[in-house]
Structures are given as C-alpha cells and as structure tokens.
1. From the backbone phi of the range A:239-256, what are the Karplus-calculated ³J(HN,Hα) couplings (6.51 cos²θ - 1.76 cosθ + 1.60, θ = phi - 60°) in whole Hz, Gly and Pro given as x?
2. Peptides A:220-227, B:209-216: what's the order by average Cβ count within 10 Å, highest mean first?
3. Take the alpha-carbon centre of the range B:155-210, take the same for the range B:96-130, and report the distance between them in whole Å.
4. Explain nothing, just the number: dipole magnitude of the protein assembly as shown about its Cα centre with +1 on each Lys and Arg Cβ and -1 on each Asp and Glu Cβ, in debye rounded to the nearest 20.
5. Residues of the range B:254-285 with amide nitrogen under 18 Å from the 7 Å Cα-to-Cβ point of B:His243?
6. Just to be sure I understand: with springs between alpha-carbon atoms less than 10 Å apart, which residue in C:Glu189, C:Glu268, C:Glu217 has the highest mean-square fluctuation in the Gaussian network model of chain C?
7. Toward the positive end of the charge dipole of the range B:223-284, about the Cα centre and with charges on Cβ (Lys, Arg +1; Asp, Glu -1), which of B:Pro261, B:Asn250, B:Val233 goes farthest?
8. Give the residue list of trypsin sites (Lys or Arg not before Pro) in the range C:245-306 that are DSSP loop and have at most 13 other beta-carbon atoms within 10 angstrom.
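Nothing in this text is a laboratory measurement; each read-out follows from the coordinates by a stated rule. What you are looking at is a predicted structure, and each value in this text was computed from that prediction instead of being measured. Cβ sites come from the backbone with ideal geometry, for glycine too, and all protein chains shown count toward neighbours.
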Amino acid sequence: MRIGYIAANTFREAVRDRVLYNLIVFAFLMIGASLVLGQITIGVERELLVNLGLAAIAFFGVLIAIFIGIGLVSKEIDKRTVYTVLTRPVQRWQFILGKYFGLVGTLAVNTFFMGCGLFLALLYMTHKFERADIYVLIAIFFVFLQMVIVTSFTMLFSSFSTPIESAVMAFCFFVIGSFSTDLHSLSASAKGIVKVFATIAAYVVPNISALNVSTAVAHGEAVAGATVALNLGYALLYSGAMVAAAALIFQRRNMK
Amino acid sequence: MSTARPTVTLTLAVGILFSCALILLHNIDARRGSAIIRESLYISSPAALKRMSLGYNGLLADIYWTRAVQYFGSHHARSAEEYDLLYPLLDITTQLDPKLIVAYRFGATFLAERPPMGAGQPEKAVQLVRNGIQHNPDDWHLYYDLGFLQAWNLHDYVGASRTFANGAVLPHTNPVMGVLAASYATKGGDISTAMLLWQTTYQNNQNEMIRQNALQHIQSIQSDEAVTELEEVISRYEEQTGHAPESFLNLVYAGMLKGTPLDPTGQPYELLPGGKIQVQDPDSLPFITKGAPPGWKRKTVPLP
Amino acid sequence: MNAIATFALEKFYLTGFWRKHPKQALKPLTLEVPEGEIFGYLGPNGAGKTTTLRLLMGLVKPTAGSSKILNGTIEDPAIRAQIGFLPEQPYFYDYLTAVELLTYYAQLSGVPAGERQRRVASTLDRVGLAKDAVHTQLRKFSKGMLQRVGIAQAILHQPKLVFLDEPMSGLDPIGRREVRDLIASLKDEGKTVFFSTHILSDAEALCDRVAIVANGELRGVGAVAEMTSSLGGNMEVVWEGEGANEAIKALGRELRVAGAITRSVVPESMLNQVLDILRAKNARIISVTPVRATLEDYFLQKLAQTSGGAD
C-alpha cells in the first residue's frame, strides 16, 4: 500500500519534470526522421523504420532511466525530503521499492506512447498491419525490459555514490551489457586471468544484448515464445536482485 | 536490533534472485547460439555500419574480428562442414578497419583450408587478401599469403610467382620472397622469367645460403635446357641414321656436337643406351626436372 | 511514563577522504522526557541539536548507546506512526501543492482514506496557511510558508509525540507568535513536544523543562524557573554625578554613561556597597530596580563555564 503511494508520488514527480518531455520529443523526432529516411532509400523502408524506431525508444528510454534513476534516492537524501518520509511508518525497503516502481511505471507509460508513435509511423508507411508487426511489439516489450534492468542497477549505484558517478557507472554497465554476448564468447575462449575477469563480468553485467531483437524483428523474423518467457524471467530476477541490493545498502545507511 | 531482520531477508533475496537470474541467463545463452552471429550480419553493409559506429570503426572492427574468430573456433571445434558466415564476417571486419592485417592473414587461412580444417573457399580467401593488398600495398606478408593461396589452393604457379615477385621488391620485404617467386616461375614452366628471377636473387641477396640455392636453381635450369637440346639432337640423329647413338662420339662424327657436353657444374653428361641423357651427380643439380637417374630424389633443403 | 528516554546515546562521524578522522558530534547523552511535557533542547548552532534529533528519529545510527521512544524503538513502524517530525529548514517536494504534499504524507502515515481530505484541510488551517496558497506548487512558497507546511506535516496525523527542529526559524514575529500558540495548544491536547532552538525567549515562554547542550555535550537540564532562580537577582542602579564612577568601576562593574546619567547592573549582594559609595561621593541616586534573571543569563553562564574549562 505505502509502496504504491511512494510509487505514485515518484511517477508524479517524473511527469512534472521537463527533462522527460524533452527526451520524449527527441524520440518522436527520431521516429519521424526514419519515415523521411525511408523515402530516400529503396527496399528497406520497413527495416529502417523498425530499426531506427526501436533504437530511438531504447536510447531515450535508457537516458530517462539513468537520468531520473540517479536522482531517485540521492535527491531525496540531498534535499532531505527523505526525513519526513522515513520518520513515518514506512520501512526503508518499502521506500526503495516504491521509488523503483514509480520510475518503472513512468518508463512503461513512456514506452507505451513511443511504441504507439512507432506503430502509427508503420501504419502510415505500409497502410496495413502485418503478422510480423506482433514481433515489433515484442521487441518494444524487450526494450522496456532493458529499461527495467537499467533502472535497477542505476538505483543500486546511486545508493552508494554521487549522481555523476552513478550515471557514469550505469552508462558503462549498459554499454558493456549490450556487448555481453561478446563477453560470453570471450570468457569461453580466453585463458588465465582474462578468462576469470571475462567470466565474472559476463555474469555480473546484465545481458542487455539478449533483449535486443530489433534487427531480427526488422527483418520480419519471429521471436519464439520461450525466448519471451526466458527474457522476461531474466529481466525480473536480475532487476529484483539489484533492487534488493539497493535496499540492503539503504537499510544500513545514515541519512546525513 | 530490529534492523537485523530486513537485512537478513534482503541479503537472502539478493543471493536467490541473482542465482536464479544466472540460471536463466545460461538457458538464454544456450538457446541463442550462433543466431547471435547471424544477427550481427543483418546489417551487411560495412558503409552503413561505419556510419552507425560514430567513428569507432576500429573498435567495431575488433569486435567483428573477435566474432569471426569465435565463429570459426566454435565451428572448427565441432568439425563443421559449413562456414557460410565466415567470409561476410571477415569482409565486414576488414572493411571497417582496412589496416587490420591479422584479419586478412588468418582469415585467408581459415577460408582456404578444406573442411573440417577450414571453410574450403580458396577463391574467397584470395579475394580477401587481394582486398588487403589493395589497402596495404606495402605489406609483404599479404603477398606471401596470396602467393601460397594461388600456388597451393588454386595451382596457379605463374600467378603465384608474379605475386611473390611483387612482394619481393617491397621496402621491408623478406629475402625469401624472391626465392619463392623464382621457384614458382620454374614450377609454372615460365623458364625465362624463372631464370631472370633467380639471377636477380643470386646477385642481390645477402644470404649466402639463399645465393647458393639460387645458383643451384640457375644451374638446374641451365642443365634442363641443355638436356632438352641434347635430346633434340639425338632424335634428329635417329631420324637420319635409323638407330640411336651409342655414345656422344657418334654425334660428334655426324657433326651434330662439338664434343662431350658438360653440365653447368662441369661434369660430363652420360648417354645411356637407347639415347637417354643422365647427369652424373644429380645432388649438385638438385632442382633438375630432366636427366636425373631413375629413383633419385632431391634431398629436401630447408629454406632460410 | 517517559515519552523519550536516551541512555548514553553517542555519535562519532568519520571525516576526511578515507573517513579516518572521527569527530564526536554527540557525547554520551542520557535524558528523559516525561509524557505531556514541552521540552526545549537548547544550544548554539552546531551544538549537536540536529544530530540528537536525527539519532532519535533513526535517520542516523548511534555509535553507542540507545534510545526509547514511547517505550518502544523508532525502528518500529507502529511507534513511528505516533510521532511527528519537523526537520531543520524543511524542504519538500516542490512540484507538489501543499494539499498534495499533505495528502501524500497522510497516506504514508496511515490516515484512513475517508478522513484524509478533512484532516489535510483542517491542519493547513491550523498552521495558518492562506487559503489561496494551498493549491500552489511549493516551489513558489516563501521560507515562512514552507515552515508552516513543515509544522503541518508534523502534526497532520495527530501524533502523541512531536519533534520540532528549530520550529520558529524563517518566521516573522507574527508567525512566531502563532507557532508558539500552536505548540502550547499541542500540550493542551496532551501531546509531548520536543523542540530544539537557539532562540531562548521561545523556550522560556513555552517549555516546562529545558536541556542545554554545547559542543555535543549536555550542560544542564531542569525547569526554567529553577534555572533562573539559581542565578540570584541583579539590581539596576541609576544615578547622577560623575564623582562615583571611578570607584564603582573599580568594583568590576560595567557602566553605561549617558550625559550626566550613569547606570550599572550589580548583583544583589553588592548593592549596599555600591549605594554606600554613591552616597559618599554625593551622587544623586535616581532609581534602584530589580532585574529578573532570564534563561539567557543561565545559558550564557553555562556556556562561559565550559569555555573557561576548555581554555
């Protein structure tokens, strides 16, 4: 119950933040630009639109997740708004969970609107919906799962470091995670100390690349049901672990 | 302390959730397999990739190269017959970073070898190395690799010889290149070119072993020419007299020779019964293709 | 029953880049505040008042010692439901209006849904926030208005025990008067109020008992009346004629001279001596009036003791 109130308030904060709208406008501009680009190319109009559209949703979604995520907890501590929350019958872990759900909710609404934008652009281009469009929907869902994961580790970082440090770390984590497939193959083939590091990195860093199916989907390929289930499960478990770790740190932390 | 309970619960939650996530991740990885590589080739235009890499072509090239190695490695490990994605990966790699010599060299080897050792695509390998030479005209390694690809996989000895010869004149070339050029000219039957190349090698090379080797090649070619000439003389003699000469003296009397012919090392040739020519010491002319005693085999001399 | 009890509550902060230098923010503090009392926690800025409050609120963990709030621990949400807290220089979500903010806090404090709206409105009314301000975003609020919102959120859920950190700061004289009355009315409702301040007149006017802290150390606790009476009385003497001035100065008294009129404050014990000198020097005594001892005097005396001890 209290988690819900905190989430709702976090959502309200994000919705009243101008940064959010700037980023959304950029995302729409990018989707629009892919429509224009589609007119000057041949044969790959749909691929281009899907690829660029998904990239825009993911990129701006991740930006929002990181930029709002770093301040989610630290801003409340800095501005001492946390004092009047934690001295109420609210557990610290409830506070963390509420903040997390608030931002994830914001991102869900965001992704929904940007997804609508992409589908409108698709409709405008092809004048009909195809079966393959279902997989675009799945790709958008996967992009949302990426944001769910990014939000979780951003929050974890911000629970023990400054906002700038957290942003840098979160961005690095996201980029490395996007290449986690290569990390996995490196850990399989490398030797010695490199193998140890690559293996640890490959399993600690989230597997963002598994959640990126945009190129396959742009080519009209199907996404297996099992893949959807596995990815969903993975995203939830990984984020859960990160949020629990953030709560653990927050639980023991002094509010200066 | 009453904070102890949430702390313990949260620690457990972190451990359990993360472990479960790892199990799922393992499954996801297993399911994806080579689909990942296939996906990475959806954008098959290096030009587009270059633009998308925002200037980090080199990095992207390294990543594609790593993927190519992984792809080859994993296929090689299970003795695969099909390596259909190897060339596209290498092509993108080298177009993203045209100076990545290692990708041309190893890539060509992977491509050219017959399955299961490689992809069995020597033409593609040649194409790859040719691209490499186009972008790196001063790197003799690429000429070296291309020459062997032409010689061994395509059996184009003349072409190989020409490649080695081009590589032999580069600033920091390896001395062996000239030797290879000449060898393959010989093997390809282009005797005059071979002669020229061996002479150049003999005159210019600093390495005494290589010079010795070049000299033996020159003398062997000369010997081959001499033997060919002698055989012509003998067949003319047979036409005129109706029988084969018994010794060189028959030919001298017939006015067809001036005396007993000597091989380039100064040893006289032998005329065998039935009109066959043979050298006395084939080991001093190890590269002859004519006039060697039956059953003689050249001792393999390692090149420097 | 005690509303607040601390036992050797102590806090060290680690400072410096490697967090190696411990700084003692609060020396072991043992304190009891009975229910129904208005308790003043006095000290100059930087004395450790805010640290004490953060320790009591569970926002900061003590290095040693313990505290009991309403016979329980602050870690217990059920206990937290019964307390209100106004932090020092409060800052609130500035994208919310006063009504939105208080509604949010009412939700968190477990005020039943049906009661929230009425409770929020009455509380805002009680702290005297203007009707037209309640639907304005807090970012447009003045410091005084924010302080009122802060007090509102501390009493919104009708807590049994209210902690106020510098409740009068940022308020104009009228506002201070209103907040004083409000605190007094909380006592009438049977609530316990623990408030910190560096403004002594506020404490003097309101508190049943006060504690004085300086440099993270408790210097004295007691009823205000007890403290002031322990000082003994002073007398203000006013006279005309400069002849006596040198002699009185020699006694160590400070003189204020305005034209021919001189005034000086002397302890009661010295009064006769001073009057004798004045008569001997033919000064005309204009008035002799008792000066009531204030908490400030006591406070300054306590501070002087310590700085004297430290030097």
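1. In residue order, the calculated couplings are 4, x, 4, 5, 5, 4, 5, 4, 5, 4, 5, 5, 4, 9, 7, 8, 8, 7 Hz.
2. B:209-216, A:220-227
3. Result: 24 Å between the Cα centres.
4. 3360
5. Under cut-off, by backbone N: B:254-255, B:271-276.
6. Result: C:Glu268 has the largest fluctuation of those listed.
7. Result: B:Asn250.
8. On the way: sites: C:Lys249, C:Arg253, C:Arg256, C:Arg263, C:Arg279, C:Lys281, C:Arg284, C:Arg292, C:Lys302; in loops: C:Arg253, C:Lys281, C:Arg292.
Passing sites in the range C:245-306 are C:Arg292.
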